[in-house]
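Visitor: Take this structure first; my questions come after.
The values are calculated or read from the model by the stated rules, or taken from the named source; none is laboratory data. Quantities reported herein were computed from a predicted structural model and do not represent experimental measurements. All Cβ positions, glycine included, derive from the backbone under ideal geometry; neighbour counts span all protein chains shown.
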Amino acid sequence: MPALSPASSSSSPSPSSPLSREPVVAALRAAGCVFAEDEAELLLSAARTPTELAALVERRVAGLPLELVVGWAGFCGLRIAVEPGVFVPRRRTEFLVTQALAQAPDASVVVDLCCGSGAVGAALADRLGPVELHAADIDPAAVRCARRNVAAAGGRVHTGDLFRALPGELRGRVDILTANVPYVPTGEIALLPAEARDHEPQAALDGGADGLDVLRRVAAEAPRWLAPGGCVLTETGEHQAPAAVDAFARAGLATRLAVCEESDAHVVIGVR
Ligand SMILES: C[S@@+](CC[C@H](N)C(=O)[O-])C[C@H]1O[C@@H](n2cnc3c(N)ncnc32)[C@H](O)[C@@H]1O
């Protein structure tokens, strides 16, 4: 999209317009946006007209996550399309992608369960080159969004509950199985930032009493779908990590925990 700068666009606001850069920064700052300057740049570059810019600023000031305002999120160097009602991929999850690539650099069959926007599968395919990519989610809104994001990689996106969504012919063939499951304990949902609490579906966040309900189901069934030497990776919270590792080990997987202190990411990796 063209940048909306007074020098480059005849439809740009005049310097005194309330929609020139400084008022946008001021409006965002007043609304509590910590990175107001950076966000203003993004909104200015996403808008084609002052009217559009005003609408974007209004939505952001009202508390809509920035990614939903502009319609995309940066992830592993890609622009991932995001839509209302779909989980916004987090930068932290880039660590899961790098761990998967390190574990299986020659993977040719990739499955991304609980795919949300499809960011993880899209990033893996981008790095691995031509792969057979399948993604799946229980939420039709996520499935629609993921189809946009994995189309370039020729990925297929299925709808349904975890492995039930997948074509049976994938059993025993999967080299990389990622599942960034919902892992917030039910009782902690209310403590999440408003952007997540108010704008992301409960099913994308809620992992049950201890946050591990979905993770345990993935761990239990993963070995049947993995190729020999194939790996399964899930993100988890620091306090949940020991129980998550235990769930993978009980499923018979050679299990380890990878931690990125910088992004506070904890990834459980199981190898068949
Ligand atoms: C935390 S989000 C992760 C989305 C994406 N993988 C990412 O990292 O951005 C969890 C996703 O799991 C999906 N989900 C929850 N329960 C599921 C289930 N039983 N089967 C399939 N998908 C499920 C939700 O709809 C949501 O899109």
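Visitor: With the structure loaded, tell me whether residue 206 is farther than 16 Å from residue 244 by Cα and within 9 Å of the ligand (Cβ to nearest atom) or whether it fails that test.
Guide: Against the criterion (farther than 16 Å from residue 244 by Cα and within 9 Å of the ligand (Cβ to nearest atom)), residue 206 does not qualify.
Visitor: Give just the number: which of (1) crowded, with 20+ Cβ neighbours inside 10 Å; (2) touching a residue at least 40 places away in the same chain (Cβ under 8 Å) does residue 271 not satisfy?
Guide: If we test residue 271 against (1) crowded, with 20+ Cβ neighbours inside 10 Å; (2) touching a residue at least 40 places away in the same chain (Cβ under 8 Å), just (1) comes out false.
Visitor: Name the residues in the range 170-181 that are in a loop (DSSP other than H, G, I, E, B), of a type outside the set (D, E, K, R) and more than 15 Å from the ligand (Cβ to nearest atom), would you?
Guide: 172, the sole residue that qualifies.
Visitor: Additional query: Test each condition in (1) surrounded by fewer than 19 Cβ atoms within 10 Å (Cβ to Cβ); (2) within 16 Å of the ligand (Cβ to nearest atom); (3) at pLDDT 95 or above for residue 256 and report the one that comes out false.
Guide: (2)
Visitor: I've got another one for you. Would the range 98-111 turn up any residue that is touching a residue at least 12 places away in the same chain (Cβ under 8 Å) and within 11 Å of the ligand (Cβ to nearest atom)?
Guide: no
Visitor: Of the residues 167, 140, which single one is without any contact (Cβ under 8 Å) to a residue 24 or more places away in the chain and touching a strand residue (DSSP E or B) at 6+ places or on another chain (Cβ under 9 Å)?
Guide: On the way: 167 fails: without any contact (Cβ under 8 Å) to a residue 24 or more places away in the chain.
Within the list 167, 140, the selection yields 140.
Visitor: Suppose the filter is modelled with pLDDT under 95 and within 12 Å of the ligand (Cβ to nearest atom); does residue 195 pass it?
Guide: Judged against the criteria, residue 195 is not a match.
Visitor: Go through (1) at pLDDT 95 or above; (2) more than 11 Å from the ligand (Cβ to nearest atom) one by one and return the number of the condition residue 217 breaks.
Guide: Condition (2) is where residue 217 drops out.
Visitor: Sticking with this one: Out of the residues in the range 150-169 meeting the condition of being assigned to a helix (DSSP H, G or I) and more than 9 Å from the ligand (Cβ to nearest atom), tell me which one is nearest to residue 131 (Cα to Cα).
Guide: So, considering only residues that are assigned to a helix (DSSP H, G or I) and more than 9 Å from the ligand (Cβ to nearest atom), the one nearest to residue 131 (Cα to Cα) is 153.
Visitor: State yes or no: is residue 92 surrounded by fewer than 18 Cβ atoms within 10 Å (Cβ to Cβ), touching a Phe, Trp or Tyr at 6+ places or on another chain (Cβ under 6 Å), basic (Lys, Arg) and not assigned by TED's automatic domain parsing to the domain that holds residue 28?
Guide: Criteria not met by residue 92.
Visitor: Based on what the data block shows, is residue 48 surrounded by fewer than 20 Cβ atoms within 10 Å (Cβ to Cβ), free of Cβ contacts under 8 Å to residues at least 12 places away in the same chain and more than 11 Å from the ligand (Cβ to nearest atom)?
Guide: no
Visitor: For the range 55-83, enumerate the residues that are in contact with a helix residue (DSSP H, G or I) (Cβ under 7 Å, 6 or more places away or on another chain) and within 13 Å of the ligand (Cβ to nearest atom).
Guide: Matches in the range 55-83: 65, 73, 75, 76, 78, 80, 81, 82, 83.
Visitor: Kindly list the number of the only condition in (1) within 16 Å of the ligand (Cβ to nearest atom); (2) more than 21 Å from residue 68 (Cα to Cα) that fails for residue 201.
Guide: If we test residue 201 against (1) within 16 Å of the ligand (Cβ to nearest atom); (2) more than 21 Å from residue 68 (Cα to Cα), just (2) comes out false.
Visitor: Any idea how many residues of the range 110-137 are part of a strand (DSSP E or B), buried (at least 20 other Cβ atoms within 10 Å of the Cβ) and touching a strand residue (DSSP E or B) at 6+ places or on another chain (Cβ under 6 Å)?
Guide: Selection size over the range 110-137: 8.
Visitor: Here's another thing I want to ask about it. Filter the range 138-149 for residues that are of a type in the set (Val, Ile, Thr) and assigned to a loop (DSSP other than H, G, I, E, B) and give the result.
Guide: Of everything in the range 138-149, just one residue is of a type in the set (Val, Ile, Thr) and assigned to a loop (DSSP other than H, G, I, E, B), namely 138.
Visitor: Would you pick out the residues in the range 133-148 that are near the ligand (Cβ under 10 Å from one of its atoms) and not acidic (Asp, Glu)?
Guide: Of everything in the range 133-148, those that are near the ligand (Cβ under 10 Å from one of its atoms) and not acidic (Asp, Glu) turn out to be 135, 136, 138, 140, 141, 142, 143, 145, 146.
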